[in-house]
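Note sheet for the following structure.
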Amino acid sequence: MSKNIIVAIDGYSSCGKSTLAKALAKKLHFIYVDSGAMYRAVALYFLRNNINSTDHAQIEEALKNIHLNFHSRDYETHITLNDEEVSEEIRLMPVSEKVSEVSALREVRREMVKQQQRMGKSKNIVMDGRDIGTAVFPDAPVKLFMTADPKIRAERRYKEIHVKNPEITLEEIFENLAHRDYADTTRTESPLVRADDAIILDNTNLTPEQQLQFALDKVEPLLKA
Ligand code: DC
């Protein structure tokens, strides 16, 4: 096989990155990797085990005891933390509130980036996250940077999680997104920034089909090359 193709999709929280990444991977038969799920699973471990985010020795020790695996059955994210399926639990509010703190830790990022780079060694993949086009795969041939109006993003997220979590309010979601945007863009370690060569995709007024077509137009020429 010629050199594998990596599609890096970065952007703000709840911008539709994973929807696009999954659709693209499905269409092209690429592997889909949700890097945010990895940080969420680490945050869940930290919560459950009361890991102190200022204690570097404890963090290193925790990372040695965290084993993450993806099981990609249907282009949905199925992730296990030490062999336990945690795909649903990592989407709940306690994890969403903890994950910014945990994903800002240097030791955590170093380990996750290492694992992500390994996944992109030989296979065609679509990976979404915050630093995929900058830190994980700076040489990725296709980089998209997604953005959308914050109110629209909060509404989309609300619709998505309100079913399972009816007591949550739109305001809480809006606050959580604003907090995560701030934390993601201002942290010292690999802050969320657009790579110079990333193409901006503002999907405020785009349907999922239009976004998929936009991405396909960037990737398909590489498959023919
Ligand atoms: O994409 P998401 O909302 O599931 O990501 C959860 C958190 O993980 C998000 O607040 C930022 C962090 N994250 C990160 O720092 N780097 C990545 N590559 C992916 C996610």
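The values are calculated or read from the model by the stated rules, or taken from the named source; none is laboratory data. Computed from a predicted model, the values in this text were never measured in an experiment. Quick reminder, even Gly has a Cβ in these numbers, built from the backbone with ideal geometry, and neighbours come from all protein chains shown.
Of the listed requirements (1) more than 16 Å from the ligand (Cβ to nearest atom); (2) in a loop (DSSP other than H, G, I, E, B); (3) touching a residue at least 40 places away in the same chain (Cβ under 8 Å), residue 74 misses just one: (3). Within the range 110-117, not a single residue is in a loop (DSSP other than H, G, I, E, B), touching a residue at least 24 places away in the same chain (Cβ under 8 Å) and either surrounded by fewer than 20 Cβ atoms within 10 Å (Cβ to Cβ) or not small (Gly, Ala, Ser) (or both). Counting only residues that are in contact with a strand residue (DSSP E or B) (Cβ under 8 Å, 6 or more places away or on another chain) and away from the ligand (no atom under 13 Å from the Cβ), the range 110-125 holds 3 of them. Can you spot a residue in the range 208-224 that is assigned to a loop (DSSP other than H, G, I, E, B) and either modelled with pLDDT under 95 or among the charged types (D, E, K, R) (or both)? No, there is no match, as no residue in the range 208-224 is assigned to a loop (DSSP other than H, G, I, E, B) and either modelled with pLDDT under 95 or among the charged types (D, E, K, R) (or both).
Tell me, please, whether a residue that is without any contact (Cβ under 8 Å) to a residue 60 or more places away in the chain, within 11 Å of the ligand (Cβ to nearest atom) and assigned to a helix (DSSP H, G or I) can be found in the range 55-64. No, the range 55-64 has no match at all. Taken over the range 138-147, residues that are crowded, with 20+ Cβ neighbours inside 10 Å, closer than 28 Å to residue 88 by Cβ and out of contact with any Lys or Arg (no Cβ under 8 Å at 6 or more places or on another chain) amount to 0.
Tell me whether the range 130-142 contains one or more residues that are modelled with pLDDT under 95, in contact with a strand residue (DSSP E or B) (Cβ under 7 Å, 6 or more places away or on another chain) and away from the ligand (no atom under 11 Å from the Cβ). The answer is no, given that none of the residues of the range 130-142 is modelled with pLDDT under 95, in contact with a strand residue (DSSP E or B) (Cβ under 7 Å, 6 or more places away or on another chain) and away from the ligand (no atom under 11 Å from the Cβ).
Among the residues here, residue 44 does not qualify as in contact with a Leu (Cβ under 9 Å, 6 or more places away or on another chain) and either away from the ligand (no atom under 16 Å from the Cβ) or under 17 Å from residue 208 (Cβ atoms) (or both). Among the residues that make up the range 163-184, is at least one of them away from the ligand (no atom under 12 Å from the Cβ), within 29 Å of residue 28 (Cα to Cα) and of a type in the set (Lys, Arg)? No: zero hits. Of all the residues in the range 1-52, those that are small (Gly, Ala, Ser), part of a helix (DSSP H, G or I) and farther than 23 Å from residue 64 by Cβ number 4. Is there a residue being part of a helix (DSSP H, G or I) and either surrounded by 14 or more Cβ atoms within 10 Å (Cβ to Cβ) or touching a residue at least 24 places away in the same chain (Cβ under 8 Å) (or both) anywhere in the range 192-205? No.
When the residues of the range 1-16 are filtered to those that are modelled with pLDDT under 95 and under 27 Å from residue 95 (Cβ atoms), which remaining residue is farthest from the ligand (Cβ to nearest atom)? Only one residue fits best here, namely 16.
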